[in-house]
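Participant: This structure is in structure tokens; I'll ask about it shortly.
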Amino acid sequence: GEPYADDRQLERCELRSVLDQITAGLGTAVRVEVRESDGTTYADIATPPDTVGDDPPETATPTPRPGINGRGFHPGEEVAVAYVLCTQTAGA
């Protein structure tokens, strides 16, 4: 709920590490708005970095997620789920 501001201008190559620090610290995804020097604005969602080698505790049970099922995915593969809020037929 708090905007993150850095007094210095970041180089594009620094952006990923800053976003990883923020999302890892919060432990959740965040909405990101990037304003380029030419005035172009981009918005995206950044997720916490994957932690390689961290095994879940043996007693952990997966939390059921109603309505989300799929096959053919690889372990660890990121999968995006989208809800269709509206559809419209294109006119001429």
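The values are calculated or read from the model by the stated rules, or taken from the named source; none is laboratory data. Being a predicted model, the structure only gives us computed values, none of them experimental. All Cβ positions, even for glycine, are placed from backbone atoms using ideal geometry, and neighbour counts span all protein chains on display. Side chains are part of the model used for accessible areas, which takes the heavy atoms of the whole protein and leaves out ligands, DNA and RNA. Shrake-Rupley method; radii C 1.70, N 1.55, O 1.52, S 1.80 Å.
Participant: Based solely on C-alpha atoms, express the radius of gyration and the Dmax of region 3-46 in angstrom.
Facilitator: 10.6, 32
Participant: Counting only protein chains, not ligands or nucleic acids, how are 2, 33, 78, 11 ordered by accessible area (probe 1.4 Å), most first?
Facilitator: Final ranking, largest accessible area leading: 2, 78, 11, 33.
Participant: Shifting gears a bit: How far apart, in nm, are two points set 7 Å out from the Cα along the Cα-to-Cβ line at residue 89 and at residue 2?
Facilitator: In this crude spin-label approximation the distance works out to 5.2 nm.
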